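Nothing in this text is a laboratory measurement; each read-out follows from the coordinates by a stated rule. On a predicted model such as this, the values are computed, not experimentally measured, just so you know. For neighbour counting, all protein chains shown are included, and Cβ atoms are generated from backbone atoms with ideal geometry for every residue, glycine included.
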Amino acid sequence: MHVVIGGCGRVGAALTVSLTRQGHTVAVIDKNGRAFERLPPEFEGQTFVGLVFDRESLESAGIKEAGAYIAVTNGDNSNIVSARVAREAYNVEKVVARIYDPRRAEIYRRLGIPTVASVQWTSGEIYDMLFHGFENAELAFGGGDTILLRLDVPANLAGRPVTFLNEGQQASVVAIDRMGTASIPSANTTFQEGDVVHVVIRRNGIPLLREKIAALPEDH
């Protein structure tokens, strides 16, 4: 996959190196040419000096062929504008924007842009969210061991009780958005297709959650 990264700070540089090692082609854009000094000498991707939301810069970086765009500059506005350009103007399938102000994150998610709203999230978590996860991270608590996840209920989970996702001290459903209205579920609440579920979960419990949902039959 070709990936365009907006911003070559600490997280952007780490993502650039990680994605290249995973076999993806990578182009990174930053307005400051010195930012590319964070990349190792053996880096084989492309670097472009420019504004991440500038279409000429994005097209030079290969946005038309990109399967993913990651916006990780140090500015919320640059991240969300460039993410929207990637999604809406170039139809990039996988787009993630880092947002420093968590109060703004929900607004951007309504625009269809998955956001990482905590500065504690690192390149590893963004990579996992982009390529492996069915859920979006909303917030990390404390040292990042406990996370708030936003999950769009898949068809095979509809009709099952909310308690199906609860896992002792590992995971707990704390809220459900249904038809524009949020509520705190009771033990008798069942999932409906179209629900958006918010789950507080220990980081090491995420793989189990994914396996649990993936193992469900399509019809039950």
### Task
Scan around T189 for amide H atoms under 5 Å from its own, H built in the peptide plane at 1.01 Å from N, and keep only partners 5 or more places away or cross-chain.
V162
### Query
What list do you get for I184, I206, I29 if you sort them by fewest beta carbons within 10 Å?
I184, I206, I29
## Note on the structure
Gyration tensor on Cα atoms of region 32-104, a ≥ b ≥ c root eigenvalues, a/c under 1.5 rounded, else prolate if a/b beats b/c, else oblate, says oblate
### Query
Taking the alpha-carbon centroid of each part, what is the distance from region 1-49 to region 143-220 in angstrom?
35 Å
### Query
Could you put V81, V196 in order, starting from the residue whose Cβ has the fewest other Cβ atoms within 10 Å?
V196, V81
### Message
Apply the a/c threshold of 1.5 to the C-alpha gyration tensor of region 146-214 and tell me whether it is rounded, prolate or oblate.
### Response
prolate
### Summary
The exposure ranking of M179, M1, fewest beta-carbon neighbours within 10 Å first, is M179, M1
